[in-house]
Amino acid sequence: MQLNELSNIELLKEIAEFLNEETEMEKMLQGALRKLLEGTLFETGWIFFINEKGKQELIAHENLPNALQQNNCRHLQKGGCWCVSRFQNSELDKASNIIECKRIVHSRRSSSKDYNNITHHATVPLQSGQERFGLLNVATPNTIRFSEGELALLESVAFQIGSAIKRILLTKQEQQVALVQERNRLARDLHDSVNQLLFSVTLTARGGIEMTEQQDVKDTFKEIQYLTQEALTEMRALIWQLRPKGLENGIIEGLKGYGDILGLTLNVTVKGVINLPVKIEETLFRIAQEAMNNVRKHSGVLQAELYLTITSTDVLLVIKDEGRGFHMNELNSLRSLGLQSMRDRAYSVSGTVDWVTEWDKGTEILVRLPY
């Protein structure tokens, strides 16, 4: 196999320019893979992300034969293979020829679809310094081995992609830091202004009750005091959501602290060791907060059960109350419950949220997040 008229240097320059312009991860990887195939005689390619636990995700692919595309690329996403195993064992540090790919062989044996004479592929790790992100694989029909020059080109492209992935991750980290700083600023502003004003109104109402002998005036002040106290509880909960003190001591302590703010008794049962990625822990915390808000506002009870189960692949959360519940056919009209917000948060990390509820039989919220 020979390169077409576009030289290696020109190809690498084009890919580098594209990577520097693009900031969306999947779009960047898809575009870089397409440019690589357009500038060489490599026919097809695919990219895996592989996390610290060894879980892999097919993040991009281009021009796959029908046998590999069918059923949402099932053959590429299931089962083991040499390149992923070597990557997981830290034994793959450069571009290599794969003698026989189990996934390609399996797709040919189990499918009547055209495999376009793809039998072997080359693989190269995507990394930046000591950080490793996944694999870039390429293949060509009727080709069982790639030259040293072609493997060297793959390593150059992989280096560019790895550097671009690192840049995007750093940008996201900077954005998250900026978001946290803005949340903290809002929390301080709310605490120093609105929160203090509500507290002053509460004290004023209490003084009004003691200063008058007229029952209707007393009742008015009592109503003001009650509503202001409710608003103060809401405000403190909002400040907690913006800046969750206690989360640094773990999600359970954070949720118990939030329950105290709401005046909610939370009975907790935990199975497994809590050692979750930051993104998963924060998502779980926010979903649990929303569920606890619902218990406080809508259930009519001030006690809930929280069950947290951590497995090797998933975290399961159940929050249950014995309150008034609601009919599931009313779900679309219950926007104030924030149920869609919980679903959206779970979906953002490929998780799910479901509900079991009936009138006067309480509500059970079930959350599953993979990690």
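Descriptive notes on the structure:
- Amide H to amide H, with H built 1.01 Å from N, GLN127 comes under 5 Å of PHE133, GLY162, counting only residues 5 or more places away or on other chains.
- Qualifying lysines (Cα of each under 26 Å from Cα of LYS256; at least 8 residues distant if same chain): LYS245, LYS271, LYS279, LYS297, LYS320, LYS361
- Sorting the segments 352-360, 255-263, 206-214 by their residues' average number of neighbouring beta-carbon atoms within 10 angstrom, most packed first, yields 255-263, 352-360, 206-214.
- Taking every C-alpha pair closer than 8 Å and separated by at least 6 residues, the mean separation divided by the residue count of segment 187-329 gives a relative contact order of 17 percent.
- Of the accessible area of segment 189-279, computed with a 1.4 Å probe over protein heavy atoms only, carbon and sulfur atoms account for 56 percent.
- Charged-residue dipole, Cβ positions (Lys, Arg, Asp, Glu), the chain about Cα centre, Debye nearest 20: 820 debye
- Accessible area per residue, Å², the chain with all protein chains present, probe 1.4 Å: 55 Å²
- For segment 190-303, the residue among ALA231, GLN196, ILE252 whose Cα projects farthest onto the positive side of the dipole built from Cβ charges is ILE252.
- Inter-site label distance for ASP344 and ASN117 at 7 Å from Cα along Cβ, in nm: 5.1 nm
- Residue-averaged [θ]222 nm for the chain, counting only DSSP H segments that reach four residues, each worth -39500 (n - 2.57): -16500 deg cm²/dmol
- Helix 148-192 axis, angle to the chain major axis (alpha carbon atoms, nearest 10°): 10 degrees
- What the Cβ-Cβ distance of LYS172 and ARG74 gives, at R0 = 30 Å and to the nearest 0.05, is a FRET efficiency of 0.50.
- Gyration tensor verdict on segment 207-291 (Cα atoms; rounded if a/c is under 1.5, prolate if a/b is larger than b/c, oblate otherwise): prolate
- Percent accessible area from carbon and sulfur atoms, segment 54-175, protein chains only, probe 1.4 Å: 44 percent
- Given the alternatives (i) 69, 50, 33; (ii) 62, 45, 37; (iii) 99, 41, 36, Cα extents along the principal axes in Å as computed for this entry is given by (iii).
The values are calculated or read from the model by the stated rules, or taken from the named source; none is laboratory data. Computed from a predicted model, the values in this text were never measured in an experiment. Positions of Cβ are generated from backbone atoms using ideal geometry, with glycine treated the same way; all protein chains shown enter the neighbour counts. To get the accessible areas, we keep the full protein, side chains included, count just its heavy atoms, and leave off ligands, DNA and RNA. Shrake-Rupley method; radii C 1.70, N 1.55, O 1.52, S 1.80 Å.
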